[in-house]
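Take a look at the structure set out below.
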Amino acid sequence: MYKHDNALIDRVDLPAALGLLTRLPITVDSTRAMERGAASAWAYPLVGVVTGVILAAATALMIWVGIPSAIIAGLVLAGAEWCCDWQGLPDRGRGADHRRQGDP
């Protein structure tokens, strides 16, 4: 059934995108997500919306509590950095360096 599924939107797309692009603990049907592949890319902008809403709510709460703005800015930046999954970028950079230097 899944091999001939040409649906533009599937219920597994948003959790798969959240699991791929963030560090949020999301349960995903990995076999179904792998079958969908690039068809789930429509959900990538929604990941930005979800993380933005989470950070905006945290910011509003910190303002309401009365935390100084400099501390809020630092915490929001740290939260944004933590939320994004940047793990693959340094590996790609090192791989490019190895190819330039001739190492395997």
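The values are calculated or read from the model by the stated rules, or taken from the named source; none is laboratory data. Please read these numbers as outputs of a predicted model, since none were measured by experiment. Note: ideal-geometry Cβ built from the backbone for every residue, glycine included; neighbour counts use all protein chains shown. Just so you know, the surface numbers come from the protein's heavy atoms only, side chains and all, with ligands and any DNA or RNA stripped out. Shrake-Rupley method; radii C 1.70, N 1.55, O 1.52, S 1.80 Å.
Each residue in segment 24-43 was checked for being surrounded by 14 or more Cβ atoms within 10 Å (Cβ to Cβ) and within 30 Å of L75 (Cβ to Cβ), and 3 of them qualify. With respect to the conditions (1) under 18 Å from L8 (Cα atoms); (2) surrounded by 15 or more Cβ atoms within 10 Å (Cβ to Cβ), L46 falls short on a single one, namely (2). The helices (runs of 4 or more DSSP H) located wholly in segment 43-103 that include 3 or more residues which are modelled with pLDDT of 90 or more and more than 16 Å from the chain's Cα centre (by Cα) occupy 44-65, 69-83. Being within 16 Å of E81 (Cα to Cα) and free of Cβ contacts under 8 Å to residues at least 12 places away in the same chain is true of G52.
Taking the criterion of being open to solvent by 40 Å² or more (accessible area, probe 1.4 Å) and among the hydrophobic types (A, V, I, L, M, F, W, C), the residues of segment 59-69 that qualify are A60, L61, I63, W64, V65, I67.
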